[in-house]
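Taking it in order: structure first as structure tokens, then the write-up.
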Amino acid sequence: MSNSPRTVFVHIHIPKCGGTSFNEVLWRNFRLGLQMEYGRFNMLRPTADEVEWVLWRNRWVRAVAGHCFDSRLHYRTSDHAIVAITFVRDPVERLTSSYNFMRRTGYPGVSQMTIWQAAQGLVGVTELPGLRNPWFLRGQVEHLDPNRDLGRIERLVERGSLYVFPVERFADACLLLGHRFPDHFRNTSFRVKNVTPRVQEPDSRVVELLRQHQRDGFQLHDRACQWLENGLAEAMTRTDLERARASQRRRNTYLASPLGEAGYIAGRVRDLTRQYLERRRWVGIVRS
């Protein structure tokens with residue numbers, strides 16, 4: 001039996017950045033080895049020591065996902081080697097998606113605001129009565145690193161400990177993961193999930209406001225695009241990439257079909273049943 005550290009993938013889920021779709025990719029590849037950390041208090045962040053302790057106590061975990069994680073982790077230990085993955089978005093697109101999501105879900109103080117009014121409050125330029133600044137709209141660099149240390153994020157990427165992908169290149173990001181980690185990401189197909197219908201689009205004032213107050217977010221997104229391009233160029237020829245894209249599109253079409261949806265539901269039910277039976281077995285062992 002090998003005592004080498006196991007690889008654990010940590011999805012640092014920045015809100016409104018395609019994370020729901022990626023979690024399904026994780027489920028298709030890790031099934032019962034995936035631990036989802038989404039609760040009422042998922043904004044509470046564990047320390048690197050706490051994450052290490054939980055992974056040490058739960059050796060069945062192969063991937064974990066949640067809003068609560070950041071990039072300050074113990075990436076190499078005697079028990080596991082962490083590979084962190086996250087998706088980032090153009091700040092204008094992210095704020096637009098967040099605003100429309102908040103409008104649709106009736107977020108306090110937003111329903112009567114225009115996107116320009118909300119943007120001023122959300123970036124902290126003005127205090128708007130009735131607007132509660134949501135935790136999930138903290139800056140993307142801040143979400144990855146509480147000290148907003150973009151240089152540290154870059155070093156983690158260069159080391160291969162952290163993968164930062166642009167969400168608009170989601171398909172190619174999955175293909176690169178499949179190439180870099182073929183034993184873990186055997187299925188790189190996906191369904192697009194949790195898309196928010198748009199009520200309003202941003203104007204030039206919103207764009208300028210964000211460029212003034214979220215400059216590091218634009219820098220991070222630009223670098224994520226370049227990192228992905230570099231990774232694809234190293235991994236595959238243009239011909240191989242086009243073939244992989246075509247195969248992925250065919251699989252995506254199947255997953256979006258009624259038959260693919262039925263398979264997804266059946267798989268989820270099967271996994272939930274297995275988890276329930278395992279829990280019952282464990283409780284029985286403890287009581288005896």
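Just so you know, all these numbers are worked out from the coordinates, no wet-lab data involved. What you are looking at is a predicted structure, and each value in this text was computed from that prediction instead of being measured. Backbone-built Cβ (ideal geometry, glycine too); neighbour counts: all protein chains shown.
Observations on the model:
- Across region 177-191, rounded Karplus estimates of 3J(HN,Hα) from the backbone phi angles (6.51 cos²θ - 1.76 cosθ + 1.60, θ = phi - 60°) give 4, x, 6, 6, 10, x, 7, 10, 10, 7, 10, 10, 8, 7, 10 Hz, Gly and Pro being marked x.
- If the chain linking Ala235 and Gln117 were pulled fully straight, counting 0.36 nm for each residue of separation and taking away their Cα-Cα distance, it would gain 38.0 nm.
- Note on Phe22, Phe185, Phe218: ascending count of other Cβ atoms within 10 Å places them as Phe218, Phe185, Phe22, the fewest first.
- Taking 0.36 nm per residue of separation and subtracting the Cα-Cα distance, full extension of the segment from Asn187 to Arg250 would add 21.4 nm.
- Summed over qualifying helices (DSSP H, 4 residues or more, each -39500 (n - 2.57)) and divided by its residue number, the chain shows a 222 nm mean residue ellipticity of -17000 deg cm²/dmol.
- Top of Val164, Val51, Val25 by mean-square fluctuation, Gaussian network on the chain, Cα under 10 Å: Val51
- Between amide H atoms placed 1.01 Å from N, distances below 5 Å from Val83 occur with Val8, Phe9, Val10, all of them 5 or more places distant or on a separate chain.
- Sites Val207 and Arg152 - FRET efficiency at Förster radius 22 Å, r taken between beta-carbons, to 0.05: 0.20
- GNM flexibility winner over the chain from Ser98, Ser247, Ser161 (Cα, springs under 10 Å): Ser247
- Taking the charge dipole of region 47-104 about its Cα centre, with +1 at Lys and Arg Cβ atoms and -1 at Asp and Glu Cβ atoms, the residue from Trp60, Pro91, Met102 reaching farthest to the positive side is Met102.
- Evaluated on the chain, the Kirkwood hydrodynamic radius is 20.6 Å, with distances taken between all distinct Cα atoms.
- The string of couplings for region 95-102 from the Karplus curve (6.51, -1.76, 1.60, θ = phi - 60°) is 5, 4, 5, 5, 4, 5, 5, 5 Hz, one whole number per residue in order, with x for Gly and Pro.
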